[in-house]
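Have a look at the structure below before the remarks.
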Ligand code: SAH
């Protein structure tokens, strides 16, 4: 492991402190920061307006991390591209580039693996390995932009991992991302998705970041939800809904709900009624996704089943849409590519 400081995870004030400690004038930090976050330099030797002696010094003290494209799957039915990135320590995460309206949206991972244990999700099968560093989240954007030759205008934290379980690094990543001295992306274009870690939802609300919050619901009763999402035993629906209302009250941003339709499990009339009751009065929007088949799991649903459930909800006055399926031909479900890469690694060893 590299012992040098991970410079892409450092804020501008931190960089300023570090460089003044090396005896450098204050403006140097802004220069270096711009090279990193705006000009996307991958090596200190590219920073041509920095004296070469300082460049060598920087190289000795800091590292600019990078990701390696281990696999790249381009859809042949639409513009979706799925990347399997190898991290500096040899672990893998997935990133998905999607064409949306007039721009490009990226779905990034926040952890290697996941602790949450949702029964239908591939990301959790091999367990949790480690949190991603802020730099490793930023680099998923930078490397993808470099590879695709496109600029990313929207971001969703919906890849591998639970962002609220890596809260500190995610908050730091968002600060770096939106810093006007850096990339300056508006957090209005960022959605963070959570399985429902209540205290973190409240903390995020208090920070008034402008983020959109998406909550993975998947079942409208405590018994049903606890059976597929262990997190529900810790933070049951009553507490979750209260936290979502708090988020809306504090930020004025409507929470969206994710609901993976699983045939025969959560798509009946009684489920629709319970969901309508749960969301009553919130003007909430429900994103329905026919559950992606994960080969270790038996859950399944057709698009038609999701549409039928949508109609049930609409009849009960709940606004719902079936999410557009992008990259259906490369749609190894969330976490599946990484899982496959790990299995292959093990098999070939
Ligand atoms: N941990 C966060 C974000 C990552 S998962 C969360 O739980 O929200 C992104 C979304 O994909 C979540 O809504 C998750 O429940 C959903 N998901 C996971 N596996 C799925 C599958 N097999 N089919 C459909 N959606 C799935």
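Please work out if residue 170 is in contact with a helix residue (DSSP H, G or I) (Cβ under 9 Å, 6 or more places away or on another chain), in a strand (DSSP E or B) and buried (at least 21 other Cβ atoms within 10 Å of the Cβ). Steps first, please.
Working: in contact with a helix residue (DSSP H, G or I) (Cβ under 9 Å, 6 or more places away or on another chain): yes; in a strand (DSSP E or B): no; buried (at least 21 other Cβ atoms within 10 Å of the Cβ): yes.
Here the answer is no, as residue 170 does not meet what is asked.
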Q. Residues of the stretch 137-155 being within 16 Å of the ligand (Cβ to nearest atom) and either in a loop (DSSP other than H, G, I, E, B) or under 15 Å from residue 93 (Cα atoms) (or both), which ones?
A. 137, 140
Q.
With the structure loaded, tell me whether residue 263 is farther than 30 Å from residue 304 by Cα and either over 20 Å from the mean Cα position of the chain (by Cα) or part of a helix (DSSP H, G or I) (or both) or whether it fails that test.
A. no
(Q) I need a count of the residues in the stretch 200-233 that are part of a helix (DSSP H, G or I) and either without any contact (Cβ under 8 Å) to a residue 12 or more places away in the chain or touching a helix residue (DSSP H, G or I) at 6+ places or on another chain (Cβ under 6 Å) (or both). (A) 10
Q: State whether one or more residues within the stretch 174-191 are crowded, with 16+ Cβ neighbours inside 10 Å and within 28 Å of residue 299 (Cα to Cα).
A: yes
Q. Exactly one of (1) surrounded by 15 or more Cβ atoms within 10 Å (Cβ to Cβ); (2) modelled with pLDDT of 95 or more is unmet by residue 277. Its number?
A. (1)
Q.
Looking only at the stretch 178-191, how many residues end up being away from the ligand (no atom under 16 Å from the Cβ) and free of Cβ contacts under 8 Å to residues at least 40 places away in the same chain?
A. 8
Q: State which residue pairs qualify: first residue within 24 Å of residue 81 (Cβ to Cβ) and without any contact (Cβ under 8 Å) to a residue 60 or more places away in the chain and inside the stretch 108-136, second residue more than 8 Å from the ligand (Cβ to nearest atom) and assigned to a helix (DSSP H, G or I) in any location, beta carbons under 6 Å apart, and separation of 6 or more residues or different chains.
A: 108/137; 108/140; 111/166
Q: Residue by residue through the stretch 113-130, note down the ones that are outside any loop (DSSP other than H, G, I, E, B), at pLDDT 95 or above and within 13 Å of the ligand (Cβ to nearest atom).
A: 113, 128
Q. Would you call residue 70 touching a helix residue (DSSP H, G or I) at 6+ places or on another chain (Cβ under 7 Å), touching a residue at least 12 places away in the same chain (Cβ under 8 Å) and closer than 25 Å to residue 160 by Cα?
A. yes
Q. Just for the stretch 310-321: of the residues that are touching a helix residue (DSSP H, G or I) at 6+ places or on another chain (Cβ under 6 Å) and assigned to a helix (DSSP H, G or I), which one is surrounded by the most Cβ atoms within 10 Å (Cβ to Cβ)?
A. 313
Q) So which residues in the stretch 92-106 are farther than 21 Å from residue 295 by Cβ and buried (at least 18 other Cβ atoms within 10 Å of the Cβ)? A) 95, 97, 98, 104, 105, 106
Q. Looking only at residues in the stretch 295-309 that are free of Cβ contacts under 8 Å to residues at least 24 places away in the same chain and assigned to a helix (DSSP H, G or I), which one is nearest to the ligand (Cβ to nearest atom)?
A. 303
Q: Check whether at least one residue in the stretch 112-119 is closer than 23 Å to residue 36 by Cβ and within 16 Å of the chain's Cα centre (by Cα), and report yes or no.
A: no
Q) Out of (1) out of contact with any helix residue (DSSP H, G or I) (no Cβ under 7 Å at 6 or more places or on another chain); (2) closer than 24 Å to residue 81 by Cα; (3) within 11 Å of the ligand (Cβ to nearest atom), what's the single condition that is false for residue 194? A) (1)
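When the stretch 73-108 is examined, which residues are found to be touching a helix residue (DSSP H, G or I) at 6+ places or on another chain (Cβ under 7 Å) and either in a loop (DSSP other than H, G, I, E, B) or farther than 20 Å from residue 153 by Cβ (or both)?
Those that are touching a helix residue (DSSP H, G or I) at 6+ places or on another chain (Cβ under 7 Å) and either in a loop (DSSP other than H, G, I, E, B) or farther than 20 Å from residue 153 by Cβ (or both): 73, 75, 76, 77, 80, 84, 85, 87, 92, 93, 94, 108.
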Q. Within the set of pairs 6+ apart or on separate chains, which have a first residue in the stretch 271-294 that is over 30 Å from residue 329 (Cα atoms) and in contact (Cβ under 8 Å) with a residue 24 or more places away in the chain, a second that is assigned to a helix (DSSP H, G or I) and within 10 Å of the ligand (Cβ to nearest atom), and C-beta atoms under 7 Å apart?
A. none
Q | Residue pairs meeting the criteria (Cβ under 8 Å; at least 6 apart or on separate chains; first more than 30 Å from residue 128 (Cα to Cα), in the stretch 144-159; second at pLDDT 95 or above and assigned to a helix (DSSP H, G or I)) | A | 151/145
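The values are calculated or read from the model by the stated rules, or taken from the named source; none is laboratory data. As the structure is a prediction and not an experimental result, all values here were calculated from the model. Quick reminder, even Gly has a Cβ in these numbers, built from the backbone with ideal geometry, and neighbours come from all protein chains shown.
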